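See structure below.
The values are calculated or read from the model by the stated rules, or taken from the named source; none is laboratory data. Just so it is clear, the model here is predicted, and its values are computed rather than measured. Here the Cβ is made from the backbone with ideal geometry for all residues, glycine too, and neighbour counts use every protein chain on show.
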Amino acid sequence: MLEVSGICKSFGGFRAVSNVSLSVGTKQIVAVIGPNGAGKSTLFNLITGHLQPDNGTVRLDGREITGAPPYRICRMGVGRSFQRTNVFPRLTVFENLQAAFLVHHRRGGNFWTRAEDLYRDDTAALLASIGLTGQERTLAGTLSYGNQKQLELGLALASSPAVLLLDEPTAGMSASETHETIRLLESIAAERGLTLLFTEHDMEVVFSIAQKIAVLHQGRIIAEGRPEEVRADPEVRRVYLGHGLTHTQ
Amino acid sequence: MGPIRAAAVTVAATAPELRRRTTAAATVRRRRAVSDRIPWVAIVFLVMATVPWLGTRYDTFLASQIVIDALFAVSLNLLLGTTGLVSFGHIAYFGIGAYVCGILMKTYGVPFSVAFPAAGLGAALFALISGYFCVRLIKLYFAMLTLAFSQIVWAIAYKWNAVTGGDQGLPEIPYPNLDWMSAIPGFGDLSIGARFYLLTLALVAVALAIVHRIVRSPFGRVLTTIRDNPERAAFLGINVRLYQLAAFVIAGGFAGLAGALYGIFSRGVFADYVFWSKSAEILIMTILGGIGYFWGPPVGAAVLVWLNQVITDYTQYWSFVLGAVLLVLLFGFPGGIVGGLDLLWRRLKRLLNA
């Protein structure tokens, strides 16, 4: 489904991502973990076209998408959420999602219809599935942090992506919020047949839903495999010593 | 987090038919406030239309200026308030419209019905060319480049004697032939200036209706997502620069139409009209009225034109008073005049409901 091979990116002299290869199968749930500054977000930005790789390729369903502009990559079926919450603060929750549907259905070139009347049912259904029913008229910028994360997930889902990239979907959430968000993600992924690639710092989360884990350290993948394999990997244990990999808090 | 749990359950329960399902939320329609039910816009339009009969010649003169500035400010707000682009050079498109219409009518004797749309198209075409470069830059750099293009237009207007009349400008642009208005009962005694005012009012009303429609369209919604968060907008699948360029071209075109009307109204087109300080004036007008509201800029135009007249009767320190007014407004009512009124109205309603 998604095939990253030999991708490299340097900033000045600093090699943020160095010869990383990663393959994500259809409907697979894959986690990329690693300490802060390991290059996780850079890797995501390379996949989604926010950064141009110095070297290497990204393929989606066999088609090369390396270095295409983000809006094209999105149209090809890649959805993404961002690490810092990223919604449209001065639009209402409803308008946020409705805009995402309008764009997905390529109605943006329509200068004449009332946007308000379009895709209302789709928007309402998606609102329900991300748990924001009742908040339609709230300005997105005034939502609580957790709700903004939910809305952002909705924005990513509106374009019916085949692959969904989530950058720390539970960052800043309490333990119970994290737990419920993960359950929501799992059920949505299963229901829509999504391929999921995510970064996460919470090891409990990672080991509970990921089918495959890649460990990034200083821009390189130092281990990759099924959760139990990664957990047993001595190199990973060394890097994560003191990070609570084996005994989750 | 209750909602998430509830949602997870909902998802699990109704997963297969999720997309077809309509929830209570779908039937949430906009509740219309009392203020929405009064057709303010129609009332203001009708009042404005009575000025030639009920007001003095001077009132008609002021009203013409207000109406033209209203369209100009609304065109700027399509960039400022809707798309989040700050243009310091919007006067260029207004000026091009004025010159195109003026040159066509005066030099080539082209009728107004052709020269007027040509002015809009000419301005839009130049907006396409300059915008192509401008949208490649962001924020302050975008603003600076718009300013640079507007100064180029000014330089051309000032120096190209053969076409623009250079520093002498293009005086005595003819009025369009409005004899047909005599056939309308009550219009017979109106001066050509008053007739042109009524034509201006009608054309601006149509133009504003079109811009209003565009702002409320899917295209307009996309512009607001770009204003709020261009990075996220791109990852909805939006070609951000293309939409910014489209907004720039449309805004330029409507500014050109306003300029065409202004050239005829003021009986001439001069290089001064395109000087960069005029871009600042229209920015002030737009911000004063309230960039977050469609009707903010027209209100700003009315207030500013009116204030200018009133204050210059008493003092020559117009810029000082304008500065003071702006200062109070920016600190007291960051949403502009309309934003302030909106706030006041909502407080009043809450008081009445309590």
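Worth a mention:
- Residue ID - nearest to the other protein chains (Cβ to nearest Cβ), chosen from residues in segment A:75-88 that are in contact with a Ser or Thr (Cβ under 7 Å, 6 or more places away or on another chain) and part of a strand (DSSP E or B): A:Arg80
- Identification of strands (runs of 3 or more DSSP E) wholly contained in segment A:2-74 with 2 or more residues that are more than 18 Å from the chain's Cα centre (by Cα) yields A:2-11, A:14-24, A:55-60.
- Qualifying residue in segment A:101-122 (condition: more than 7 Å from chain B (Cβ to nearest Cβ) and touching an Asp or Glu at 6+ places or on another chain (Cβ under 7 Å)): yes
- The single residue among B:Arg241, B:Arg216 that is crowded, with 16+ Cβ neighbours inside 10 Å, out of contact with any Ser or Thr (no Cβ under 6 Å at 6 or more places or on another chain), touching a residue at least 24 places away in the same chain (Cβ under 8 Å) and among the basic types (Lys, Arg) turns out to be B:Arg241.
- Test: residue in segment A:121-130 that is under 14 Å from the mean Cα position of the chain (by Cα) and under 27 Å from A:Ser41 (Cβ atoms): no
- Scanning segment A:57-74 for residues that are surrounded by fewer than 18 Cβ atoms within 10 Å (Cβ to Cβ) and more than 14 Å from chain B (Cβ to nearest Cβ) turns up A:Thr57, A:Arg59, A:Asp61, A:Gly62, A:Arg63, A:Glu64, A:Gly67.
- Residues in segment A:167-194 that are buried (at least 22 other Cβ atoms within 10 Å of the Cβ) and either away from chain B (no Cβ under 13 Å) or without any contact (Cβ under 8 Å) to a residue 24 or more places away in the chain (or both): A:Glu180 only.
- Matching entry among A:Glu229, A:Glu152, A:Glu204, A:Glu235 (being among the acidic types (Asp, Glu) and either surrounded by 18 or more Cβ atoms within 10 Å (Cβ to Cβ) or in a loop (DSSP other than H, G, I, E, B) (or both)): A:Glu152
- Contacts under 7 angstrom Cβ, first residue in segment A:135-157 being facing another protein chain (nearest Cβ under 10 Å), partner of a type in the set (D, E, K, R) and not in a helix (DSSP H, G or I), 6 or more apart: A:Gly141/A:Arg90; A:Ala156/A:Arg80
- Lone unmet requirement of (1) buried (at least 18 other Cβ atoms within 10 Å of the Cβ); (2) free of Cβ contacts under 8 Å to residues at least 60 places away in the same chain; (3) more than 7 Å from every other protein chain (Cβ to nearest Cβ) for A:Ile47: (2)
- The listed residue being more than 25 Å from B:Leu245 (Cα to Cα) and within 25 Å of the chain's Cα centre (by Cα), out of B:Gly186, B:Gly193, B:Gly165, B:Gly169: B:Gly193
- Near pairs, Cβ below 8 angstrom, 6+ apart or cross-chain, from segment B:280-295 (more than 17 Å from B:Arg227 (Cα to Cα) and touching a residue at least 40 places away in the same chain (Cβ under 8 Å)) to any residue that is in a helix (DSSP H, G or I) and charged (D, E, K, R): B:Ile282/B:Asp69; B:Met285/B:Asp69
- Matching helices (runs of 4 or more DSSP H) fully within segment B:81-193 where at least 1 residues are β-branched (Val, Ile, Thr) and modelled with pLDDT under 95: B:91-107, B:139-159, B:161-164
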